[in-house]
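Structure, as structure tokens:
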Amino acid sequence: MQWKNRVVVYFPEKGKSLEAKGLEEEMAELKLVWFNLDNDLKTNYPKPIHPDFVHSLKGKFDDVSPGSWVLLGLDGGIKLSGRGDPDWKLIFSTINSMPMRRAETKREIYF
């Protein structure tokens, strides 16, 4: 199975929220969306989110403690995780080093 986007799922501590202002262009280029999984779902995903998807994400990561985040690749697998606010520089460099991303970059050059 291949997803259409890479995903950062953030599990905020109470009262915190994901900060990603000014990163929209790079996120779009990397096909990266984020979900702030709190009582209220926040995301940069432009389409409506089905409640079952949110429930599924919460279930998949029910053992993740607040204040953590994970990066999911296009294959749905966990590629990176951390504590605290997402480290966008690390996330971007990790994505850019992935074989699938390198293949995307090569295709962009030739087309």
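Using alpha-carbon pairs under 8 Å, 6+ residues apart, how would you state the relative contact order of the range 1-94 in percent?
37 percent
Principal axis extents for the chain, Cα atoms only, whole Å, descending order, please.
Largest first, the chain extends 46, 27, 24 Å along its Cα principal axes.
Cα to Cα, under 17 Å, and not fewer than 8 places away if on the same chain: which aspartates and glutamates meet these conditions relative to residue 16?
Reachable aspartates and glutamates: 38, 40, 85, 87.
Determine the calculated [θ] at 222 nm for the chain from helices alone, applying -39500 (n - 2.57) to every DSSP H run no shorter than 4 residues and normalising by the residue count; nearest 500 deg cm²/dmol. Mind showing how you got there, number by number?
On the way: 4 runs with 38 residues, N = 111.
Counting only the DSSP helices, I get -10000 deg cm²/dmol.
Considering only DSSP beta bridges where both residues belong to the chain, give the percentage that are antiparallel (nearest 5).
Around 70 percent antiparallel, to the nearest 5.
In whole Å, what three semi-axes, largest first, describe the equivalent ellipsoid of the range 65-105 built from its Cα gyration tensor (square root of 5 times each eigenvalue)? Mind dumping the intermediate values first?
On the way: eigenvalues 89, 27, 5 Å².
One finds semi-axes of 21, 12, 5 Å for the range 65-105.
List every residue whose amide H lies under 5 Å from the amide H of residue 35, counting only residues 5 or more places away in sequence or on a different chain, with H placed 1.01 Å from N in the peptide plane.
8, 9, 10
Read-outs throughout are calculated quantities, based only on the coordinates presented, and are distinct from any laboratory measurement. Fair warning: this is a prediction, and the values are worked out from it, not measured in the lab.
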